[in-house]
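Working notes for the structure below.
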Amino acid sequence: MRVEYINPFVESAFNVMKEVLQADVRRGELFLKSTSMPVMGVAAIVGLAGDVEGRVLFDMDKPTALRIASAMNGEELKALDELVKATITELANMITAQAVTKLHELGFRFDLTPPAIFTGDNMEVSNQDVEALIVPMETPQGKVEINVAIRERA
Amino acid sequence: MNAQAAAQAAVAHDEKKERADKIDFKMVTFSLGGKEYGIDIMNVKEIARAGRFTYVPNAAPFVRGVYNLRGDIISIIDLRIMFHLPAERKDENALESLLILRVEDHVFGVIVDYIDKVVGVSSAAIQPPHPIFGDINVKYIKGIIENQGKLYIILNVEKLFAPKKEEPRDEPRAAAAAGLRAAPGAPSPRDEARAAAQEAAGIKGDLNAGFVAETLATFKKFSVSTVNDAWFRARYAEWRAKRGVEDVQLHAEADADQFLSPFYSPGTGALWSEDYAAAVAAALPPMPAKSLNVWNPGCGKGYESYSVACILKAAYPEARVKVWANDSDLLSISMAPNMVFDIDDVPERYREFMVKGRNGWSFTQALRDSIFFEFHDVLNANPIPPADFIVCRDTVSFMAPQDQKRVLADFSDKAKEGAALLMGAHETMPLDGWVPIGPAGLSLYAKGSR
């Protein structure tokens, strides 16, 4: 993944999460991964197209999703209902959109697909041939992993 | 029948008799799923009948549990389940036939259907197992013997029950096809790695060199292999001459750094010097294509990517040059796209591609656009278009031997026919299909047959 893409994603993830959660968010060590990876339980995915092809995946477990949605909505949410899903989708959208805006300012053209959300147990994502950059974010609500896989169109 | 034939027959009969008489192998015979088996009596401590084994959670299915044999706790293995043979389920309190075996220092019991007797045979009459034996994996069978009209399959208890040893990895070994094999008798993986490193370096017998190779791997992840063994051997000899045999070992990372200091190619961590760049430019094969793809794995801080881009732009101003530069060190590569130089440090040949900015001199936008710096690990999939030129200096040597093979194979895979490959000054391309084209001191290859 191009070096130029890394910072916008890391920064916007950090900024957006800090803002919507109104809490202390910490970023873990970035690393690369290429094999299939387990999904913790709730995954929001945003596709990217344009100069590049790829996707951004926001991965967290169910309790974390509930707590984040509760914090964002300002009320206690107990079940993984439509509201929670919509909230997580919105979070994914905000982060990706802000990153793409930053990239646009740097001269990279990206288009987004509407986010989709997956929930379930024992899920796994496999991307053949694409390695993903993992940006782990530690929030008081739990751990969120942002999994960015972008490649240039050859 | 004439007398001669009769005499021959008599001799043959005698021989047979003699062979059968010479009993030097005794085995305990038993049945499993209706077939007869034997185990060397030297491995059998005793036989017993017992039941009500204590179940062990999470154990392999063929482990029936543990049993208290006069104060010793032994594990009980059901051979029928181990070999996927039908096993009748007896009720809770029924007694099973047990052979108590001793293998090395371990004692344990195996459950069989029925224990028969002790049979003495001649070891010369044991036939090797046939590969299509079926029920039981051939590697666990020592042989077959016929005794009084019955065929017994002799199990190899050592193989069956010996503590699991790591399968010897054949990757490093392959590096030295002609090398001596590690000593027989279950060498530990560590010994094997060392032996492989020594073999690769062609320094069998000199244990110190093997240690040095191993320390390099530990401190600097530098693997001695066919890529660099010529350099390693020469460097080791030089090192030993300088430090003396007493002090030849690398005690700390600083020593390893010092040992490796002459390894790095010219122009590491800086733009390539005028001489080196000119030498590379002169030795490169003609590249007539309109668009030139360069792959630069392990580009580090990016100096060599810029150097290569400038060389190609200067040589082929019309061509569209694209450099795919990647490194798995995020810190190094994140600075690469926006590098700023002091013009006095920049050799003349690069200046035409530079502009003065607010903070100092940097490469022009056009040149920077031709390089994709990627945070990427070459050991993952490499989505690189077919390359005209691969520049990978002093990178392969710092991978584990099996990774080196994979990456080198990927080079062959990704390079166009006739493409060039530049490796580190002290590295060589061990794979077939690459012809050296560089002058001495330049590890430059072209893809193609001789």
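The values are calculated or read from the model by the stated rules, or taken from the named source; none is laboratory data. As the structure is a prediction and not an experimental result, all values here were calculated from the model. Glycine also receives a Cβ, built like all others from the backbone with ideal geometry; neighbour counts cover every protein chain displayed. Surface accessibility is based on the protein's heavy atoms, side chains included, excluding ligands, DNA and RNA. Shrake-Rupley method; radii C 1.70, N 1.55, O 1.52, S 1.80 Å.
Quick look at the numbers
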item: With all protein chains modelled, accessible area of B:Asp229 [1.4 Å, Å²]; result: 30
item: Label-point separation in nm, A:Thr113 to B:Arg320, each point 7 Å along Cα→Cβ; result: 2.6
item: Length released on extending from B:Ala252 to B:Thr54, taking residue separation times 0.36 nm less the Cα-Cα span; result: 66.1 nm
item: Shielded residues, segment B:381-400 - accessible-area loss of 10 Å² or more between chain alone and all protein chains, probe 1.4 Å; result: B:Ala381, B:Pro383, B:Pro385
item: Geometric extent, Cα atoms of chain A - Rg, Dmax (angstrom); result: 14.6, 47
item: In the B-A interface, the accessible area buried, summed over both sides, Å² (probe 1.4 Å); result: 1400
item: Separation in nanometres of the label points that stand 7 Å from Cα toward Cβ, at B:His84 and B:Lys22; result: 4.0
item: Theoretical FRET efficiency, 1/(1+(r/R0)^6), r = Cβ-Cβ of B:Glu352 and B:Arg233, R0 41 Å, to 0.05; result: 0.45
item: Protein accessible area in the protein assembly as shown, 1.4 Å probe - carbon and sulfur %; result: 52
item: Full-stretch length increase - B:Phe211, B:Ala282 - with 0.36 nm per residue and alpha-carbon distance subtracted; result: 21.6 nm
item: Solvent-accessible area per residue, Å², over the protein assembly as shown with all protein chains present [probe radius 1.4 Å]; result: 50
item: Approximate spin-label separation A:Asp81-B:Leu331, in nm, with each point projected 7 Å along Cα-to-Cβ; result: 5.0
item: Mean ellipticity per residue at 222 nm, deg cm²/dmol - from DSSP H runs of n ≥ 4 across chain A, formula -39500 (n - 2.57); result: -12000 deg cm²/dmol
item: Area of B:Val294 that stays accessible when all protein chains are in place (1.4 Å probe, Å², to 10); result: 0
item: Residues with amide H under 5 Å from that of B:Arg64, placed H, sequence gap 5 or more; result: B:Ile76, B:Ile77, B:Asp78
item: At R0 = 25 Å, FRET efficiency that the Cβ-Cβ distance of B:Asp72 and B:Val103 yields, to 0.05; result: 0.95
item: Fraction of antiparallel bridges per DSSP, the protein assembly as shown only, in percent to nearest 5; result: 75
item: 0 to 90° range, to nearest 10: angle between helix A:82-105 axis and chain A longest Cα axis; result: 30
item: Sparsely packed trypsin sites (Lys or Arg not before Pro) within segment A:28-118, loop by DSSP, other Cβ within 10 Å at most 12; result: A:Lys78, A:Arg109
